[in-house]
Each structure stands twice: as structure tokens, then as C-alpha cells.
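Only one structure is covered here, and it is reproduced in the block below.
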Amino acid sequence: MTNFLNAPHKEEARTEVRFGLIDKEEEGLAKSTAKNTEDWIAEVKNSEELEVYFTAVDKKIVVFKEGTEDDKESSCDGLLQSPDSFILVELKDRAPNKRNADIKKGKKQLRNTIKLIKANHKEEEISALPKLKIAHISNKQRRTPITLITASKEFLHETGFQLVVDRKIKIKK
């Protein structure tokens with residue numbers, strides 16, 4: 001079974017009030033950083049300075065489609081964990097005219113990651129997750145579409161995760 005919840009490559013805890021998430025193609029996977037704010041695709045706001053852990057999922061936690069040995073399941077870029085939050089993150093860094101396609105693809109990747117987590121973990125592990133479960137699509141572009149209310153309700157009903165599309169991720173207690 002694949003372990004999404006306690007992956008061995010989970011980053012050290014961050015307690016900064018503000019840090020970013022990046023996903024540079026040449027580096028191969030998403031990661032958190034407090035440097036180079038201009039590269040941040042998502043900005044994490046941690047006003048209470050809680051311990052927040054980032055784990056790269058895409059390219060690090062690999063699940064192959066059933067019956068294949070080389071056809072990888074689609075997954076989100078990473079996840080953020082704090083004592084009271086479990087946040088799946090999909091990072092998009094494209095032009096504004098690609099935004100709707102990014103959101104559609106991001107929702108699909110997040111849905112699939114949720115399905116994979118549920119398939120690879122026991123019900124008691126899932127139940128032990130913090131009550132605040134968020135699927136977050138971050139886009140470097142600062143505009144957030146306001147037509148997502150219906151889509152967010154459908155996503156919550158379908159997955160049990162609140163859907164947020166915003167450049168900023170707020171860690172809450």
C-alpha cells in the first residue's frame with residue numbers, strides 16, 4: 001500500500017508566518033520555501049506559527065493504474081499538514097487565459113488524489129485526519145473566479161473536501 005499520510009520524504013516542519021510553495025519543472029517536484037517570493041505559486045499564511053509539514057505527492061508518491069506497470073495515476077502536487085488542517089494542493093503557473101482549463105484539470109487531479117488516499121489507507125486513518133480537509137488549487141495569477149460556489153458545494157458533497165481556488169493558503173487552528 002502507498003503511504004500518503006506519513007511519506008518518508010515529508011519536509012521538516014515550517015513555523016514561519018509566511019512561506020511559499022513552488023513547482024519548478026527543472027527541479028522535478030513541488031516544495032516549500034521562504035526564499036524567492038517571486039517564484040511562489042502559492043503563499044502559505046501561518047499567522048499562529050503552527051508546525052506545518054509539506055509533502056510532495058506528484059512524482060514522489062507513485063501509484064500505477066490498475067493492470068499497468070508504467071501508467072501513473074494523476075495526482076496533486078503536494079499536501080500540507082498541520083494539527084488542524086489537511087490540505088491537498090495543486091499548483092498551476094500558467095497564463096491567465098489558461099485559468100479555466102487549469103481549474104478543471106486541477107479539480108480532476110485533486111479528486112483522483114482523494115480517491116487514491118481513500119484506497120490506500122484504512123477508514124480509521126482517514127477518520128483520524130483533521131476535520132478541516134481542503135483541496136486547494138493555487139494559481140500564480142492573483143485573480144480568483146467567483147463562479148466557483150456551486151462547483152465547491154458539489155466537490156465537498158462528492159469528496160468530503162472543501163474546494164478552494166486562491167493563491168493564498170491559510171493555515172487555521
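The values are calculated or read from the model by the stated rules, or taken from the named source; none is laboratory data. These figures come from a predicted structure and were not determined experimentally. Glycine gets a Cβ as well: all are built from the backbone with ideal geometry, and neighbour counts include every protein chain shown. Please note that ligands, DNA and RNA were not included when accessible areas were found on the heavy atoms of the full protein model with its side chains. Shrake-Rupley method; radii C 1.70, N 1.55, O 1.52, S 1.80 Å.
Positive contributions from Lys and Arg (+1) and negative ones from Asp and Glu (-1), summed over other residues with Cβ under 12 Å from the Cβ of ASP84, come out at +3. Largest accessible area first, the listed residues HIS9, HIS136 line up as HIS9, HIS136 when surface is computed with a 1.4 Å probe on the assembled protein chains. Computed with a 1.4 Å probe over protein heavy atoms only, the accessible area of GLU125 comes to about 70 Å². A Cβ-based charge dipole, computed about the Cα centre of the chain with Lys and Arg at +1 and Asp and Glu at -1, lands at about 820 debye. Averaged over its residues, the chain has an accessible area of 57 Å² per residue, based on protein heavy atoms and a 1.4 Å probe.
Each Lys or Arg adds one and each Asp or Glu subtracts one; over the other residues with Cβ under 12 Å from the Cβ of GLU51, this totals -3. Surface composition of the chain: carbon plus sulfur atoms hold 47% of the accessible area, using a 1.4 angstrom probe and ignoring ligands, DNA and RNA.
For the stretch 1-128, the convex hull spanned by the alpha carbon atoms encloses 127 Å³ per residue.
Under the simplified labelling scheme, the GLU38-LYS168 pair shows an inter-label distance of 2.3 nm, with each label point 7 Å from Cα along Cα→Cβ. In this structure SER47 has an accessible area near 90 Å², from a 1.4 Å probe over the protein heavy atoms.
Considering only SER75, ILE103, PHE161, and ranking their Cα positions along the charge dipole of the chain that arises from unit charges at the beta-carbon of Lys, Arg, Asp and Glu, the one farthest toward the positive end is ILE103.
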